[in-house]
Amino acid sequence: MELTSKQRAQLRAIASGEDTILHVGKDGIGDNLIKQADDALEARELIKGRVLENSLYTAREAAEELSRLTRSEVVQVIGSRFVLYRYQHNKEKRKIELVRDRKKSV
């Protein structure tokens, strides 16, 4: 699912109040970190992560790698922090309702 600019703005606003729960350190992106990110995305849909100074990854590289491994979308990367989002297909588990873009008729 490709996010629109309005949806990204909505998710960025929500993420600004969230705590950073994912830390990429010198060990990089291993199985434990992937499982932690996957479980957090399943529970919350939106997670904020941080790349520590001793990591071999930049924030952009870590966000893109984790998004690929967890089937999520990169919402934002600023400095050493990043935000990931994964759409919950089950309506009962869904916590975030994304805005819908209205198509402009020509």
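What follows draws every value from the coordinates through simple rules; no lab data is involved. Here the structure is a predicted model, which is why all the values come from computation and not from measurement. Glycine gets a Cβ as well: all are built from the backbone with ideal geometry, and neighbour counts include every protein chain shown.
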For the range 51-95, alpha-carbon Rg and Dmax in angstrom: 12.4, 40
Choice from I34, I47, I21 showing the highest fluctuation, given a GNM over the chain with Cα pairs closer than 10 Å: I21
Two-site label geometry, D31 and E92: point separation in nm, points 7 Å out along Cα→Cβ: 3.2 nm
Within a Gaussian network of the chain (alpha carbon springs, distance under 10 Å), most fluctuating of N32, N90, N54: N90
Equivalent ellipsoid dimensions for the chain as semi-axes, Å, which come from the Cα gyration tensor, largest first: 25, 15, 12
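Normalised by the residues of the chain, what does the relative contact order come to in percent, with Cα pairs under 8 Å and at least six apart? Walk me through the numbers on the way to the answer.
Values: 156 pairs, mean separation 31.3, N = 106.
Computed value for the chain: 30 percent relative contact order.
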Non-local Lys pairs in the chain, i.e. 8 or more apart or on different chains, that have alpha carbons under 22 Å apart: 12
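What translational diffusion coefficient, to the nearest whole µm²/s, does the range 1-43 have by Stokes-Einstein, given a Kirkwood radius computed over alpha-carbon pairs, a temperature of 25 °C and 0.890 mPa s viscosity? Please report the intermediate quantities before stating the final value.
Numbers: Rh = 12.3 Å.
Calculated translational D: 199 µm²/s.
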Potential lengthening between R100 and E42 on full extension [0.36 nm per residue; Cα-Cα distance subtracted]: 18.7 nm
Residue among S16, S67, S55 with the largest mean-square fluctuation in a Gaussian network model of the chain, springs linking Cα atoms under 10 Å: S16
